[in-house]
Amino acid sequence: MSRLDINIRRLQAQRACLNLAAEYIGDLPGPVFELGLGNGRTYDHLREILPDREIFVFDREVAAHPDCIPDPAHLFLGDFQETLRRACARFAGTVALIHADVGSANAARDARLAAVIAGFLPALLRPCGVALSDRDVAFAGAEPVPAPASVAPQVYFLYRREAACEAAAPRAGTAGRG
Amino acid sequence: MRSRRAARRHRRARVSRLDSLIRRLQAQRACLVHAARLIGGVPGPIFEIGLGNGRTYDHLRALCPAREIFVFERRAPDEPGLGPGGRHLVLGDIRETVPAAASAAAARPALVHSDIGSGDSAGNARLAAALAGFLPGLLAPGGIALSDLALPGAGDWALPPPAGVAAGRYFLYRRP
């Protein structure tokens, strides 16, 4: 596998996981959080596959393609610890999907960031809400949900917040659709 | 309500930036594989114009392990290890370094891969005109030029892209 092959595989896995996460949340109400805007590619994909959702973006700074920058009302700029704390006050228990693209070449930094994010997930996600990340963001009350079959293990991590979920649609993969 | 659904369907037809990057990289890989096959019987090194993040260099190395690969860059890459070192990394203005490297008959490249276009269309037009001025002529007989920019004036040598690659995404030329 060349580095070109690896990059293509990584992007295909990312797309497959985003598409599956969008299916998992189905008609579950609530906004989407994109943690890490980067160049805006996954933000652009999320708004294409979830055209009726509000998407809030969190990042330290904006370095995205001009077409992929959300309006100021949907942008939380600053340290995740601070911006997610602020978001909790407004969105606690309502968020349907949180996508966190945190991976870098610095494993120690990534692990710290994943732990910060995981700490906020139980408070932010609505029951049956889904978290998707390229680093493990396991959190209290998280139920792992399968990644797409085409995606190698430990490349992407998908979790669903348990709780009321069980009664509504036990483990069917269609939770929250009524 | 119906019009809103129709609008949603219409919007969903748009290709996201993630989709289009995947398509571009798949097309790039398909063209590299195709070009490597086409030069099977053609002696000569490979010229990679523009190292970027070194991904296509790495792919060419995997496809053609027995070929010498020369990379041409304006300046030394920030991150060492992405490409070759020593005499296989040629620094400077490609309008000078590339023709100089191909000046001896034995050094004529069997394949030149050039991926140097950007979002700046005026800049791309200048680059393409510069490349067209020297690139096709320095190929070994039967050699291939693969470029992300169309080379004006080289249309007689143009080949169709491989199956699955949309016309206009990559440009292939073969020296007779």
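The values are calculated or read from the model by the stated rules, or taken from the named source; none is laboratory data. Predicted model, so just to flag it, every value in this text is computed and none were measured. As a convention, Cβ positions derive from the backbone with ideal geometry for all residues, glycine included, and neighbour counts pool all protein chains shown.
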Pick out the one residue from A:Arg53, A:Arg86 that is out of contact with any helix residue (DSSP H, G or I) (no Cβ under 7 Å at 6 or more places or on another chain), in contact (Cβ under 8 Å) with a residue 40 or more places away in the chain, away from every other protein chain (no Cβ under 11 Å) and of a type outside the set (Ser, Thr, Tyr). A:Arg53
Residues of the stretch B:104-127 satisfying the condition of being assigned to a helix (DSSP H, G or I) and either at pLDDT 95 or above or more than 14 Å from the chain's Cα centre (by Cα) (or both): B:Ala105, B:Ala106, B:Ala107, B:Ser121, B:Ala122, B:Gly123, B:Ala125, B:Arg126
Residue among B:Leu51, B:Leu60, B:Leu21 that is of a type in the set (A, V, I, L, M, F, W, C), part of a helix (DSSP H, G or I) and either touching a Phe, Trp or Tyr at 6+ places or on another chain (Cβ under 9 Å) or within 15 Å of B:Leu146 (Cα to Cα) (or both): B:Leu60
Only one of A:His74, A:His45 is within 14 Å of chain B (Cβ to nearest Cβ), modelled with pLDDT of 95 or more and closer than 21 Å to A:Ala21 by Cβ; which? A:His45
In the set A:Leu18, A:Leu4, A:Leu46, A:Leu35, which member is surrounded by 21 or more Cβ atoms within 10 Å (Cβ to Cβ) and free of Cβ contacts under 8 Å to residues at least 24 places away in the same chain? A:Leu4
On the basis of being touching a Gly at 6+ places or on another chain (Cβ under 9 Å) and either part of a helix (DSSP H, G or I) or surrounded by fewer than 22 Cβ atoms within 10 Å (Cβ to Cβ) (or both), does A:Arg135 make the cut? yes
Can B:Gly83 be described as more than 8 Å from chain A (Cβ to nearest Cβ), modelled with pLDDT under 95, buried (at least 19 other Cβ atoms within 10 Å of the Cβ) and more than 26 Å from A:Thr42 (Cα to Cα)? yes
Only one of (1) touching a strand residue (DSSP E or B) at 6+ places or on another chain (Cβ under 9 Å); (2) under 22 Å from B:Gly40 (Cα atoms) does not apply to B:Leu131, and that is (2)
Take the residues in the stretch B:14-34 that are among the polar types (S, T, N, Q) and in contact with a helix residue (DSSP H, G or I) (Cβ under 8 Å, 6 or more places away or on another chain), then tell me which one is nearest to the other protein chains (Cβ to nearest Cβ). B:Ser16
Take A:Val102 and tell me if it is among the hydrophobic types (A, V, I, L, M, F, W, C), under 23 Å from A:Tyr159 (Cβ atoms), surrounded by 19 or more Cβ atoms within 10 Å (Cβ to Cβ) and at pLDDT 95 or above. no
Please specify each residue of the stretch B:24-48 satisfying the condition of being crowded, with 18+ Cβ neighbours inside 10 Å and in a helix (DSSP H, G or I). B:Leu25, B:Ala27, B:Gln28, B:Arg29, B:Cys31, B:Leu32, B:His34, B:Ala35, B:Ala36, B:Leu38
Keeping to the stretch B:128-149, report how many residues are on the phi < 0 side of the Ramachandran plot, more than 10 Å from the chain's Cα centre (by Cα) and either modelled with pLDDT of 95 or more or surrounded by 19 or more Cβ atoms within 10 Å (Cβ to Cβ) (or both). 11
Residues satisfying the stated conditions in the stretch B:150-176, i.e. free of Cβ contacts under 8 Å to residues at least 60 places away in the same chain, closer than 17 Å to B:Leu32 by Cβ and under 12 Å from the mean Cα position of the chain (by Cα): B:Phe171, B:Tyr173
Scan the stretch B:63-78 for residues that are in a loop (DSSP other than H, G, I, E, B) and within 13 Å of another protein chain (Cβ to nearest Cβ) and jot them down. B:Cys64, B:Pro65
Exactly one of A:Pro122, A:Pro153 is at pLDDT 95 or above and out of contact with any helix residue (DSSP H, G or I) (no Cβ under 9 Å at 6 or more places or on another chain), and that one is A:Pro122
Look at the stretch A:22-40 and say how many of its residues are within 14 Å of chain B (Cβ to nearest Cβ), under 15 Å from A:Val102 (Cβ atoms) and of a type in the set (A, V, I, L, M). 1
Matching option when the condition is touching a His at 6+ places or on another chain (Cβ under 8 Å) and over 22 Å from A:Pro148 (Cβ atoms), among A:Phe56, A:Phe76, A:Phe33: A:Phe56
